[in-house]
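To start, the structure under review is shown below, and the notes come after it.
The values are calculated or read from the model by the stated rules, or taken from the named source; none is laboratory data. If you're wondering where the values come from, they're calculated on a predicted model, not measured in any experiment. Here the Cβ is made from the backbone with ideal geometry for all residues, glycine too, and neighbour counts use every protein chain on show. To get the accessible areas, we keep the full protein, side chains included, count just its heavy atoms, and leave off ligands, DNA and RNA. Shrake-Rupley method; radii C 1.70, N 1.55, O 1.52, S 1.80 Å.
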Amino acid sequence: MERFHVTGMSCAACSARVEKVVSALPGVESVAVSLLTNSMGVEYAAPATPEIICQAVREAGYGASPADQKQNAPAVSPQDETKAWKAVRLRLIVSLCLLLPLMYVSMGHAMAGWPVPALLETPAAGLYELLLAGLVMVVNQKFFVNGFGGLLKKAPNMDTLVAMGAAAAFAYSVGQLFLVIGGSHAAPHGHIGYYFESAAMILTLITVGKLLEAYSKGKTTNAIRALMDLAPKTATLLKDGQPVAVPAEEVRPGDLVLVRPGESIPVDGEVVSGQSAVNEAALTGESLPVDKAPGDRVTAATLNQSGALTVRTLRVGEDTTLRRIIQLVEEAAATKAPIARLADKVSGVFVPVVLVIALITALVWLALGETLGFAVARAVSVLVISCPCSLGLATPVAIMVGSGVGAKAGILFKTAASLEAAGKVKTVVLDKTGTVTRGEPVVTDLLPAEGVSETELLTLAAALEARSEHPLARAVHGCALERGLTLPPADEFTALPGSGVRGTVQGKALLGGKTAFLADQGILDQGWADKGETLAAQGKTPLFFAADGKLLGLIAVADAIRPESAAAIAALKALGVVPVLLTGDQESTARAVAAQVGIETVIAQVLPQEKEAQVRRLSEQGEVAMVGDGINDAPALTRAQVGIAIGAGADVALDAADVVLLKSALGDVPAAIRLSRQVMRNIKQNLFWAFFYNIIGIPIAAGVLVGVGITLNPMLAAAAMSLSSVCVVTNALRLNGFSPDRGTSHPPEKETEPNQPKGELTMNKTMTIEGMMCMHCKAHVEKALNAIPGVTAQVDLEAGKAAVDCPAAVTDQDLTKAVTDAGYTVKAVE
């Protein structure tokens with residue numbers, strides 16, 4: 001989709017006209033015009049070209065030009081908005097300076113008896129009012145140029161209503177004035193027979209509304225501007241080992257960049273040297289810093305907090321993650337939600353219908369015997385109270401604010417349609433590996449045989465597995481390294497696919513592998529086989545090890561469940577959404593994982609190519625969201641009504657998804673659904689107000705309540721019109737108060753590490769810790785404590801304390817050792 005700037009649009013009728021004209025061009029497949037950002041997105045093929053599209057828009061009476069895709073510039077730059085806002089403000093100031101003396105004579109003298117010069121007690125006062133009102137109309141000539149220009153091109157808009165209303169009031173008053181000067185008509189008593197002040201007041205009040213609307217609309221794009229402001233303007237490039245400050249746009253992939261503590265990272269890249277804590281809150285919404293070391297990836301616009309980093313540049317400029325986020329938010333704002341279709345249809349015929357109603361209103365009152373002045377006043381009131389702007393802004397302002405709020409929380413909606421669809425989801429299908437679980441196997445149980453210690457079992461097993469590339473082998477090897485064990489070398493290593501491994505360590509012939517493999521060797525008895533089956537039923541993979549034909553013991557490995565998974569599932573259920581676990585794993589493993597996180601519906605042993613079919617089947621029962629992170633999830637993500645990709649997953653999954661979770665947290669799934677529902681609720685409120693305002697306001701302006709003594713002065717009608725758009729935009733701004741609430745209000749019944757049995761007694765302890773100086777220290781201590789199986793810890797940096805929830809099996813010594821090993825001092829455990 002190519003983006004274009006569109007100028008000259010003032011209301012929903014304008015955007016509908018532009019959309020209609022461009023859609024009619026040969027080769028144009030789809031068009032989405034945003035009144036909020038004054039932009040247009042067009043998907044097209046030959047024979048359509050950017051020149052043809054822009055020419056069609058110009059012939060319709062508006063301006064158009066291709067957007068600056070290279071710089072990924074916003075549809076309307078802050079400088080342009082500021083310039084436009086200042087121009088409107090100047091018009092308003094001049095209008096007020098002319099309006100006040102006009103109102104003093106026309107209303108103050110007549111109604112309050114305020115003194116005026118003797119000259120203004122004569123018919124010459126009409127000339128005075130004509131002059132001032134005429135100057136106000138000249139100052140606000142934009143309404144007349146756009147309004148009558150649109151009418152001549154058979155595309156009337158809001159400016160047409162304002163221009164015709166003001167012109168009608170002015171023309172009637174000029175006619176009255178000539179009759180007075182010609183002597184064929186008595187001078188109006190107290191100047192009340194003229195409507196010069198109404199014409200001037202209408203234009204001034206509409207300008208007030210435009211100023212307030214521009215200010216409010218500017219706030220809706222604050223999220224995008226805040227993201228753009230995050231990108232540093234300069235970078236410290238390492239040239240021949242020497243740091244040189246250069247503009248960020250001059251950095252190229254492969255360059256080495258030095259990032260000092262307190263500086264924002266200017267590029268997407270990989271850490272080459274140095275260690276630090278990086279605050280990624282700007283992109284992911286996660287307040288705790290993330291430790292970075294050589295080999296780790298870093299992202300542009302994140303903040304380096306503690307140590308200097310040397311980063312090899314991978315992506316710059318428009319290719320960075322930050323730019324992709326900005327582009328996604330802008331594209332979401334430029335698209336249209338299905339809920340906006342009704343408003344678009346009404347906007348397309350709104351202005352012509354209002355013109356007809358105004359004409360009928362005048363004719364009916366004249367037919368009923370009312371004066372021409374009364375009939376004109378009613379018709380003018382109908383023209384100026386009608387507001388297509390509120391209809392046109394009802395949806396896009398909420399979409400823009402909602403998309404921006406989501407982006408700040410690390411939740412990206414690619415289109416307005418996906419933002420709407422997320423709130424309608426009834427079923428969420430969750431891929432197990434990498435979504436509900438971490439996707440990284442860890443050792444959960446060490447069961448040594450009689451006469452064998454845990455250390456001996458783990459040392460020999462890890463030494464053997466060190467030569468293997470299997471993920472389960474890496475888990476065993478990693479566990480030994482974490483415990484600081486020294487591993488002897490393994491010789492004569494052989495991998496037996498589908499069974500296990502064998503080799504020689506310290507002169508011992510070692511075997512390791514599945515239950516069946518060691519059973520075939522005659523090493524396992526039934527008791528140990530039963531232990532393996534028990535662990536398998538809990539979703540773990542049992543690995544048996546033997547040395548010289550004698551069993552060493554059993555090591556269980558499992559894919560660790562994400563700490564937030566159970567809370568996220570509980571939050572989904574609280575929203576009335578049914579979670580479904582979809583996996584290619586064995587039924588027993590899948591059900592064990594599902595039981596730990598609270599999922600009742602499990603679809604297991606599904607091949608990658610079958611996932612799409614399962615999602616399609618579930619879609620027949622209602623709207624479905626698919627959550628995944630891998631390449632094999634892409635077809636299912638595309639098939640679902642809403643595809644949700646975990647941000648840390650494969651690029652192809654991100655491309656196939658409708659919603660991207662940058663934080664890679666499952667808790668953002670219910671947060672995305674809640675945000676969608678709040679945005680849709682806000683849109684419905686806006687649409688209700690827009691329709692209700694016009695349905696009620698137009699009849700009252702036409703005079704249906706004259707019989708009960710209620711009439712609507714054209715000036716009050718103009719004020720009501722101005723406020724209607726402001727109310728719609730202000731209501732949308734309330735979405736800025738949205739809080740992600742990633743399921744923390746629905747805590748899991750237990751910690752979800754696989755090695756913690758359900759129902760185990762939990763202890764609450766408070767640790768007093770010395771040596772913590774910053775947020776990095778806080779994160780370091782929390783990481784050390786939370787690494788203990790079953791432990792949940794939260795550190796209060798100012799108080800120097802840690803609140804710890806842990807199983808009864810975890811001792812004070814275990815907690816103290818974890819903190820001490822992290823480099824801090826424990827003063828007390830209570």
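Taking (1) farther than 19 Å from residue 437 by Cβ; (2) open to solvent by 10 Å² or more (accessible area, probe 1.4 Å) in turn, residue 588 satisfies each apart from (1). It is to be established whether one or more residues within segment 819-826 are touching a residue at least 24 places away in the same chain (Cβ under 8 Å), loosely packed, with under 13 Cβ neighbours inside 10 Å and either part of a strand (DSSP E or B) or touching an Asp or Glu at 6+ places or on another chain (Cβ under 9 Å) (or both). The answer is yes; a qualifying residue exists.
Within segment 602-633, the set of residues being over 17 Å from residue 560 (Cβ atoms), touching a residue at least 40 places away in the same chain (Cβ under 8 Å), acidic (Asp, Glu) and not in a helix (DSSP H, G or I) comprises just one member, 623.
Would it be correct to say that residue 422 is modelled with pLDDT of 85 or more and surrounded by 24 or more Cβ atoms within 10 Å (Cβ to Cβ)? In short, yes. Looking only at segment 150-167, residues that are farther than 17 Å from residue 20 by Cβ, of a type outside the set (A, V, I, L, M) and more than 36 Å from the chain's Cα centre (by Cα) come to 1 in all.
Pairing each residue of segment 130-141 that is on the phi < 0 side of the Ramachandran plot with any residue that is β-branched (Val, Ile, Thr), provided the two are 6+ apart or on different chains, yields C-beta distances under 7 Å for 130/174; 136/204; 139/94; 140/207. In segment 54-68, the count of residues that are under 26 Å from the mean Cα position of the chain (by Cα), open to solvent by 50 Å² or more (accessible area, probe 1.4 Å) and modelled with pLDDT under 85 is one or more.
Screening residue 599 with (1) open to solvent by 30 Å² or more (accessible area, probe 1.4 Å); (2) in contact (Cβ under 8 Å) with a residue 40 or more places away in the chain; (3) more than 30 Å from residue 461 (Cα to Cα); (4) of a type in the set (Val, Ile, Thr) gives one miss only, at (1).
Across segment 73-118, the qualifying residues are those that are outside any helix (DSSP H, G or I) and over 30 Å from residue 40 (Cβ atoms), and the one among them that is modelled with the lowest pLDDT is 113. Residues in segment 301-322 that are hydroxyl-bearing (Ser, Thr, Tyr), closer than 19 Å to residue 233 by Cβ and modelled with pLDDT under 85: 320, 321.
Residues considered: 405, 376, 401. Of these, the only one that is more than 42 Å from the chain's Cα centre (by Cα), modelled with pLDDT of 80 or more and of a type in the set (A, V, I, L, M, F, W, C) is 376. Do any residues in segment 288-299 that are touching a residue at least 12 places away in the same chain (Cβ under 8 Å) have Cβ atoms under 7 Å from those of residues that are β-branched (Val, Ile, Thr) and open to solvent by 50 Å² or more (accessible area, probe 1.4 Å), where the two are at least six apart or on different chains, and which pairs are they? That search, which allows pairs on different chains as well, returns 294/272. When segment 702-732 is limited to residues that are at pLDDT 75 or above and not in a helix (DSSP H, G or I), the one that is least open to solvent (accessible area, probe 1.4 Å) turns out to be 703.
In segment 467-552, counting only strands (runs of 3 or more DSSP E) that sit wholly within it, the ones holding 2 or more residues that are within 24 Å of residue 432 (Cα to Cα) span 541-547.
Here is the figure for segment 353-400: residues that are closer than 21 Å to residue 35 by Cβ and in contact with a Phe, Trp or Tyr (Cβ under 9 Å, 6 or more places away or on another chain) total 8. Hey, can you tell me all the residues within segment 550-565 that are open to solvent by 10 Å² or more (accessible area, probe 1.4 Å) and modelled with pLDDT of 90 or more? If the condition is that a residue be open to solvent by 10 Å² or more (accessible area, probe 1.4 Å) and modelled with pLDDT of 90 or more, then 550, 551, 552 are the ones that fit.
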